[in-house]
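Read the figures in this text as sums done on the coordinates, not as results from a lab. Nothing here was measured: the structure is a model prediction, and the numbers come from that model. Glycine gets a Cβ as well: all are built from the backbone with ideal geometry, and neighbour counts include every protein chain shown.
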Amino acid sequence: MTQRPVLVVLFDGVQSLDVTGPVEVFAGAGRAAGDPAGYPIRTASLDGGPVRASSGLRLLPDTALVDAVADGPPHTLLVPGGEGTRAPDPALVDWLRVHAPRAERLVSVCTGALLLAEAGLLDGHRATTHWVACDHLARCYPEVDVDPDPIFVRDGRLSTSAGVTAGIDLALALVEEDLGRDAALTVARHLVVFLRRPGNQAQFSAQLAAQTARREPLRDLQQWIAEHPEADLSVEALAACARLSPRHFARAFQAETGTTPGRYVDRVRLEHARRLLEESVQGVQEVARACGYGTPEAMRRAFVKALGTAPADYRRRFHAPVS
């Protein structure tokens, strides 16, 4: 097995799960491939001294950053997030600006993307981060193409992920690229996570992505839509349920949820269809009917538009095996 050294950057205020999640994936991948040293992992802080995670956990690095690259750059440089990214040490940003471009693969987890952006390493690239920080990233670093929806984004040698557990999804995707699906699946099973979340899976479910309506009739209707994706969910039908005119309903729904009724319904149906394809044995035609698409072709168009893949291909890749 080709060795792929991983260097993890540590700093005060780091989110410990951004560190330990990917580290466990890479360590497990080496064992799964029969070479525990396949991903040599080192942690480093600016001066090599201990750091305090945002949770209060004390982390002891292996070495100082300057010494970590004395013998050459790592294959994968991993930059975690955390509260410490809000006002980063300028020396850390300077180190990243100089040394990060030399790594074969540059990875950020959660708000680690803010450190990369501050160092100018995301300019001209598509990237994501924790949903809370997406607006900040886009506003403060206009040269970065910020995509707030996916759980991770791959752009050449650069990979960025959303919050916390999305770092595990990204690390599994990198392992799958390096060692194949079987090795990644072995690690996923060991960590009791699913090897099935694609990078373009949204950070939120449809209900979480939209605001909850303030008025009880609209709030109840949101829940009813989620529970009945197969029903007639046209604006006219939903307006009748809310006892409003279609025009008044559409305006009120968007004002209170931040999205149109049509977009909300589309996301609910897509989310439900994906869950059935991942977890059930129902055929594509049955899934299309159960999710309100009517025909497999209508569902196929929705999948291609939103995910860039057809339902059958999605199932082949992300269906959870029956145990």
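Give me Rg/Rg_expected for the range 101-190, where Rg uses Cα atoms only and Rg_expected = 2.2 N^0.38 Å with N residues. Provide the component values of the computation, followed by the final result.
Details: Rg = 13.3 Å, N = 90, 2.2 N^0.38 = 12.2 Å.
Output field value: 1.09.
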| Dipole axis of the chain (+1 Lys, Arg; -1 Asp, Glu on Cβ), positive-most option in Pro148, Gly84, Leu96 | Pro148
| Where Lys and Arg each count +1 and Asp and Glu each count -1, what net charge lies around Gly156 among other residues with Cβ under 10 Å from its Cβ? | +3
| How long is the range 11-114 along each principal axis, judged by its Cα atoms, biggest number first, in Å? | 41, 29, 23
| said: If I model a spin label as a point 7 Å beyond the Cα along the Cα-Cβ vector, how far apart are those points for Glu279 and Glu143 in nm? | reply: 4.4 nm
| Taking the simple approach of a point 7 Å from Cα along Cα-to-Cβ for both Glu83 and Ser55, what is their distance in nm? | 1.4 nm
| Relative contact order of the range 56-162, pairs being alpha-carbon contacts under 8 Å that are 6 or more residues apart, as % | 24 percent
| task | Using a Förster distance of 45 angstrom, determine the FRET efficiency expected from the C-beta separation of Val98 and Arg251, and round it to 0.05. | result | 0.25
| the range 1-129: relative contact order in percent, alpha carbon pairs under 8 Å with at least 6 residues between | 27 percent
| Normalised by the residues of the chain, what does the relative contact order come to in percent, with Cα pairs under 8 Å and at least six apart? | 12 percent
| the range 121-166: C-alpha gyration tensor shape, a/c 1.5 cut-off, then a/b vs b/c | oblate
| note | Quick calc, the chain, dipole around Cα centre from Cβ unit charges on Lys, Arg (+) and Asp, Glu (-), nearest 20 debye, gives 860 debye
| query | If Lys and Arg each add +1 and Asp and Glu each add -1, what is the summed charge of the other residues whose beta carbon sits under 14 Å from the beta carbon of Pro246? | reply | +1
| request: Assuming R0 = 45 Å, can you tell me the calculated FRET efficiency for the pair Ala306 and Ala70, based on Cβ-Cβ distance, to the nearest 0.05? | output: 0.45
| task | Express as a percent, rounded to the nearest 5, the fraction of DSSP beta bridges in the chain (both residues included) that run antiparallel. | result | 30 percent
| said: I'd like the distance separating the alpha-carbon centroids of the range 117-153 and the range 233-270, in whole Å. | reply: 31 Å
| note | Of every Cα-Cα pair in the chain, the percentage lying beyond 34 Å is 32 percent
| message | Apply the Karplus curve 6.51 cos²θ - 1.76 cosθ + 1.60, θ = phi - 60°, to the phi angles in the range 229-243 and return the couplings in whole Hz, x for Gly and Pro. | response | x, 7, 7, 6, 10, 5, 4, 5, 5, 5, 4, 5, 5, 7, 6
